[in-house]
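What follows draws every value from the coordinates through simple rules; no lab data is involved. What you see is a predicted model, and the numbers here were worked out from it, not measured in a lab. Positions of Cβ are backbone-derived with ideal geometry, glycine not excepted, and every protein chain shown enters the neighbour counts.
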Amino acid sequence: MCMKLYFRYSTMNSGKSGMLLMQAFQFEERNVPFLCLKSSIDTRDGDDVIASRVGIKRPCISILPEDNLYKLIEEYIASASLEGIDKPLWILVDESQFLTAKQVDDLAKIVDKLEINVMCYGLRTDFTTHLFDGSKRLMEIADDISEVKSSCSCGRKAMINARFDTNGNLITDGEQIVIGGNDMYVTLCRKCYYSLLKKQEMKEIKYEC
């Protein structure tokens, strides 16, 4: 069997975590050994848990930015073997956009040297429409890349995770990673995003005059 590094990307609120959890459920039903990992940067649902908006959740291993993922999985396999636990055939990774480029390289090494399939779920771009480091590296080296499509309120394909302040103003600069939910982020198509941005800029120019 040819093992692969997969990347499933989309905008926020598109059901990525739910897809991961359903895949995990199917593996359990078929007695396929697997592991679930999640970046520790995403603290919305607490540590060591992956949760979806529909209410399902499961425990996972939280990944710290400084973790060597290849070493972590090697140590897990060695420990599991002593306890009579099978080596995982799959690793499912949530919030993979928050991984470092090196950690994505670790995942590729896990696929190639430990012969374990790795499926990553995450965002492609941030609120400024630029790639996250983890997503960029996944786009560069993943064997299989596909988009989980979602829709803007206008019906077009959502592409942008627009960030808003408490007054409803579109934010276009600041820290790349700010954890938040529907009160802070809205997924928009490119046309709606730039239309909103233009209206906001015109409003600011008028106010300055």
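Numbers below:
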{"read-out": "Complete set of residues in segment 8-50 that are among the basic types (Lys, Arg) and either surrounded by fewer than 22 Cβ atoms within 10 Å (Cβ to Cβ) or under 20 Å from ALA158 (Cα atoms) (or both)", "value": "ARG8, LYS16, ARG30, ARG44"}
{"read-out": "Only one of GLY180, GLY174 that is part of a loop (DSSP other than H, G, I, E, B), of a type in the set (Gly, Ala, Ser) and within 18 Å of the chain's Cα centre (by Cα)", "value": "GLY180"}
{"read-out": "Matching residues, segment 51-73, being touching a residue at least 40 places away in the same chain (Cβ under 8 Å), surrounded by 15 or more Cβ atoms within 10 Å (Cβ to Cβ) and either within 30 Å of ASP183 (Cα to Cα) or among the charged types (D, E, K, R) (or both)", "value": "ILE63"}
{"read-out": "Failed criterion for SER195 (all others in (1) hydroxyl-bearing (Ser, Thr, Tyr); (2) surrounded by fewer than 20 Cβ atoms within 10 Å (Cβ to Cβ); (3) under 14 Å from the mean Cα position of the chain (by Cα); (4) in a helix (DSSP H, G or I) hold)", "value": "(3)"}
{"read-out": "Search result, residues across segment 74-116 that are of a type in the set (Ser, Thr, Tyr) and surrounded by 21 or more Cβ atoms within 10 Å (Cβ to Cβ)", "value": "SER96"}
{"read-out": "Positions within segment 166-189 being without any contact (Cβ under 8 Å) to a residue 60 or more places away in the chain, closer than 24 Å to ASP133 by Cβ and hydrophobic (A, V, I, L, M, F, W, C), in sequence order", "value": "LEU170, ILE171, VAL178, MET184, VAL186, LEU188"}
